[in-house]
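Taking it in order: structure first as structure tokens, then the write-up.
Here, each number is a calculation from the coordinates, and none is a lab measurement. None of these values were measured; they are calculated from a predicted model. Methodologically, a virtual Cβ is constructed for each residue, glycine included, from the backbone with ideal geometry; neighbour enumeration extends over all protein chains shown.
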Amino acid sequence: MSDLKIAVILGSTRPGRNGQAVAEWVVEKAQARTATYELVDLLDYPLPHLDEALPPSMGQYEHEHTKTWAAKIAQYDGFIFVTPEYNRSTSGVLKNAIDYLYAEWNNKAAGFVSYGSLGGARAIEHLRGISAELQIADVRQQLSFSLFNDFENFSTFNPGHQHDGAVAVLFDQLEAWAGVLKPLRSV
């Protein structure tokens, strides 16, 4: 599936964020794949709190920041959401970015990579529910990085080798689902 484009969406904009190293690790691991993986950093798409008057499902975006974000997301066949866990959920900035759009997410595949004191698993669970509402097919495989085991001093990313096999499975599942869903979007 060499024609597949996958966005690795970095879901934190905090100063000193750990997510940048995690997202870059995912992109680096994907370099040997035939699909194209690209880092999409939410810092590069500064979206205010949702400020569109009409629901995203109508697809009638008013603001340039929304149109720019929509054009970016529309070009991908699938996504890997890299999320911290804040207060038993995903980050507000990621949720806000997701909420801006609708059709641009539909009939695409997603995988999840999280990090936090408990590996960020609860953030992933919330993202799975959000994905279902947006008609995103989420794959089973996920990666959860512990601030205690996969980071030195809670800030320097140093993942264990066991994650290498897990990320390969994530890529396999994501590319399979993204490939199957791609023709559906052209109907």
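Quick notes on this structure:
- Among Gly116, Gly19, Gly92: highest mean-square fluctuation, GNM of the chain, C-alpha pairs under 10 Å: Gly92
- Separation of alpha-carbon centers, region 125-187 and region 20-92, rounded to whole Å: 14 Å
- Cross-link partners of Lys5 among lysines (Cα-Cα below 17 Å; sequence separation of 8 or more within a chain): Lys29, Lys72, Lys108, Lys182
- Taking the fewest neighbouring Cβ atoms within 10 Å as the starting point, the ordered list for Arg122, Arg14 is Arg14, Arg122.
- Length added when fully stretched, Glu62-Val187, from 0.36 nm per residue minus Cα-Cα: 42.4 nm
- Each of (1) 62, 40, 32; (2) 46, 35, 25; (3) 57, 47, 39 is a candidate for Cα extents along the principal axes in Å; the one calculated from this structure is (2).
- Note on Ala32/Gln75: beta-carbon distance plugged into 1/(1 + (r/R0)^6) with R0 of 35 Å gives a FRET efficiency of 0.95.
- Mean-square fluctuations from a GNM of the chain, with a 10 angstrom spring cutoff on Cα atoms, peak among Val113, Val22, Val169 at Val169.
- The modelled label-to-label distance between Gln162 and Glu52, using points 7 Å beyond Cα along the C-beta direction, is 4.1 nm.
- Helix-derived mean residue ellipticity, 222 nm - over the chain, DSSP H n ≥ 4, -39500 (n - 2.57), to 500: -11500 deg cm²/dmol
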